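Below is one structure, written out as structure tokens, with a few remarks after it.
Coordinate-derived values only; no laboratory data. Remember, predicted model here, so these are calculated numbers, not experimental data. Here Cβ is always computed from backbone atoms with ideal geometry, including for glycine, and neighbour counts include all displayed protein chains.
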Amino acid sequence: MSRLSSLVPAALGRPLSAVGSVLLLVAAMLPWATFLLNDGAYPDKATLQFFDAPFALTGYRWHVLLFGVAALVITFVPLPGKGRALRALGFGGLAISVISAGFILSEGGGLGAITAADGATAFGSIVGILGGVALVLGGSAIGIGDIPHWPDSPFGLTGWAQRLLAWAVLIVSFVALLWLVSETLTAGGTSGVSNPYAGPIFLAFLGMAVGVLAALHGIGFTRWLTSLSERHRAFSIIVLVLCAAALPFTDAGTQYWMTVAGTIGIYAATAIGLNVVVGLAGLLDLGYVAFMGIGAFVAANLSGSAASKLGITLPFPIAAVIAAVIVGIIGAIVGSPTLRVRGDYLAIVTLAFGEIFSKSAQNNIGDLTGGANAISNIPPIAVGDLGFNEPITLLGTKLPPGVLYYFLITLLVGLVMAVFANLKNSRMGRAWIAIREDEDVARAMGIKTGQAKILAFLVGATLAGLAGAVFAHKLGTASYDAYSFLQSVTLLAAVILGGMGSIPGAVLGASLLFVLPEKLREFDNYRLLFFGLALILIMRFRPQGMVPDRIRRAEFAGETAEGKPIEEVQEQLVVEHELDVPKGGKA
Amino acid sequence: MTTLLQQIANGLVLGATIGLIAVGYTMVYGIIQLINFAHGEVFMVGAFGGLAVWRFVLPEGMKEDWYVALPLMLVGGVVVSVTIAMLMERFAYRPLRNAPRLAPLITALGVSIALQEAVRIWFPDADRSQSFPRVFINTQVKIGPVEIPATGLLLIATAILLGLLVQLYVNKTRMGRAMRATSQDRDTARLMGVNPDRVIVLTFVIGAALAGIAGVMYGMHVQTLGVRAGFQTGIFAFTAAVLGGIGSLPGAVIGAFIIGLVERLGGQYLPGGTAYAYVWVFVVLILVLVFRPQGLFGESEKVRA
């Protein structure tokens, strides 16, 4: 990005930012389309003239307006990390404008739609794009410095006052996050099919959300929040779980989104499991989804479904435990070649395993998988008479069907997160990271690398098996084609996209990769193409992922985000780890 | 007995196809230690290139003359696959040459998916399986009790011939020496006046050309073509390269013939029938990797991290 900042002299940074902000403000108030699109206005006020209805801005134009105001304020207020924040807002505004302009352009049939036609003018999107570019350049010219570090105890508060402040900040932030998630899910209609403009509206919303988050990151807020939540870990986990449990009570509490959110949760849990194998131990697993599949088939066969030839009916918790154990054992067996092969070759062994599983399941091996017919009619998980697929009434609110699965899966994700976090900070976790960094050195340091690697496979597979068991009941069917190579690649992409070895990264990656297809149904034909291109671009420009683990971040960048040289940070990490050990109990 | 011989013949034809692709895998891996997952897609793209020439370039009158159609389709396939491979090397792999090991592997997966989808979306009607013309002599050649289509014999001959040619090129020419030097130590080779970038591009080009030829001829042999054809054949080819000892050219071709035989004979004689033929190849792959990771003809294993 240094190339960007050298484009404009630093003295011009502030005027340029001011111009960009004003352009964004103006863009929000100009009309964006010269005529109503065929399916109605995009979104409802797209052809609005500001002076006709000055306070009627909604949707993406409201966001552009807010971005303009925020950028204008930031430009003239002394604030550390100003350059980064302005650049982030600029990119956000640019994204919103480009997406909307592109959509109106393609739907409205050419440049006339966003410039001037039949006596009507609509330069909103073009002004927005110009404003975004000006902001990006201006912010870069002001300087992309270190991300500022906020003090741990602001305003010199100590004791309870400090703790209360921290709690308040955490609650507000997590509630804001809940709101953001709910809004993201419901942006552009609640079911994805009702609104013909759902795709672009959603993308524009995503541009807004990413811009805001990046700006907050630029002024050092997110890092401060992270350190706060690390210091008040128990409290923040409780708040996070409560917020997740509150999602059904928001606008996103429809049957459709509960089903989707449950599925995403399953994949998120699986992605965290894969993160143990890939992110911590550095063992590339290209057949991971097979473990999930085996878990699903085991659970399906023990569920008493009529399609199962075994005819055994076990209550779900027992079936789930059996599935997890069986899959764990298989995981250890599949992992055992790791004793002999390394790196790329291991990836191929796991790929081969995944393909063998998929092909055998397709051919209904041992009458266990139902082949092309799948094992269908798996009864839902039930407590007493209450099936998990039924609607319930909680706290006076009628909640849609699927909400119980959502709660169960939220618990599952929480459980998997806790397992992962504890493993990562354990002796075994450090051994895995050592193996990932350099296996020979790890062995020289006295780590039993063979045991550690097999254990990584075992843990990862067990988690996947558990997720698969829940998934089979949730879907009500277990079919081989839900566990194909593409699924493995998608999960791997989720882990890498989010940032290897990081929990929020895995959750974020899984959510994105499984929400986007739901949201972008009209681009369904191009979905996989974009996915493939995205894999290439991510590896090219941000190989450390969106929310990188701090050790990996240092490794990929050669220096940290603050620009400190890597040696210095490594020293600091060593010191931190030494301090961690006595605090973390037995560790 | 006839069945056995017939299946051996079929296995050899499959092996020849795989062998032509495996050469590309083994050369690229030998030089930059990258499993080029997208190489199977290069094969598929080459086949579509040949099909495009037949459909859109050749005038009606010449479609039946194999001595016109065959060379033109081969040229078309090779041009397309070489172009794709060069773009892929330039934009997906070269920027990542010093990145962590996982990065280029994931890029390769991305390239593979993107290529499949691009062909499916933009090649006319490619979302369904396409019928591929058999422009080469459409007869069955009888050898004893066994019948092989003429295209099959052509494939076997081509695979052996091109395999030998590449082997000669790598061992006898100046550029081949540069290749071997680069694969042993890129930095030292650079000091000796070799331009590694050029060597690497050339490696990709040779591999892609062979894959393109294989694509067109295989399409002609089986007379059908789908966008998913590349993935499975690519994995088979990689298995062959590993079986033969990755980095070894004769190993790749011989490994490919073994894989072809395993697939056909396994489908015929092992339990489960043809539905499991695919599985046996992977079983062989796992066994080889576990018990003889250096492959049949590979040098004894150095540290592979």
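Ratio of Rg to Rh for the range A:244-376, alpha carbon only, Kirkwood?
A ratio of 1.03.
With an 8 Å Cα cut-off and a minimum separation of 6 or more residues, compute the relative contact order for the range A:348-499 in percent.
33 percent
Take every Cα pair under 8 Å in chain B that's 6+ residues apart, average their separations, divide by the length, and report that relative contact order as a whole percent.
Relative contact order of chain B: 35 percent.
Please give the length that would be gained between B:R97 and B:Y269 if that part of the chain were fully extended, namely 0.36 nm times their separation in residues minus their C-alpha to C-alpha distance (nm, one decimal).
Between B:R97 and B:Y269, full extension yields 57.5 nm more.
Taking neighbour counts of Cβ atoms within 10 Å as a proxy for exposure, in what order, fewest first, do A:E230, B:E60, A:E518 appear?
Ordered by Cβ neighbours within 10 Å, fewest first: B:E60, A:E230, A:E518.
Find the centroid of the Cα atoms in the range B:177-229 and in the range A:217-254, then give the distance between the two in whole Å.
About 51 Å separates the Cα centre of the range B:177-229 from the one of the range A:217-254.
If you average 1/r over all unlike Cα pairs in the range B:2-291 and invert the result, what Kirkwood radius do you get in angstrom?
After inverting the mean inverse Cα-Cα distance, the result is 19.3 Å.
Report the paramagnetic label zone for A:A168: residues of the range A:209-253 whose backbone N is under 14 Å from a point 7 Å from Cα along the Cα-to-Cβ axis.
Of the residues in the range A:209-253, none has backbone N under 14 Å from the label point off A:A168.
List the pairs from A:K359/B:K172; A:K398/A:K474; A:K309/A:K474; A:K359/B:K63; A:K424/A:K474 whose alpha-carbon separation is above 32 Å, in the order I gave them.
Cα-Cα > 32 Å for A:K359/B:K172; A:K359/B:K63; rest within.
Would you compute, from DSSP H runs of 4+ residues alone, the mean residue ellipticity of the protein assembly as shown at 222 nm, taking -39500 (n - 2.57) per run and dividing by the full residue count, rounded to the nearest 500?
Result for the protein assembly as shown, helices only: -22000 deg cm²/dmol.
With a Förster radius of 35 Å, plug the Cβ-Cβ distance of A:D440 and B:L296 into 1/(1 + (r/R0)^6) and report the FRET value to the nearest 0.05.
Between A:D440 and B:L296 the formula returns 0.85.
Which distance in nm do the two modelled labels at A:Y256 and B:E64 give, with both placed 7 Å along the Cα-to-Cβ direction?
For the pair A:Y256/B:E64, the computed spacing is 5.7 nm.
So if the hydrodynamic radius of the range B:228-296 is defined as the Kirkwood radius over C-alpha pairs, what does Stokes-Einstein give as its diffusion coefficient at 37 °C and 0.692 mPa s, in µm² per second?
For the chosen part, D equals 276 µm²/s.
By count of other Cβ within 10 Å, fewest leading, how are B:M220, A:M539 ordered?
In order of increasing Cβ crowding within 10 Å: A:M539, B:M220.
Over 10 Å intervals from 0, what percent of Cα-Cα pairs in the protein assembly as shown sits in each interval?
With 10 Å bins starting at 0, P(r) equals 2, 11, 19, 23, 21, 15, 7, 2, 0, 0.
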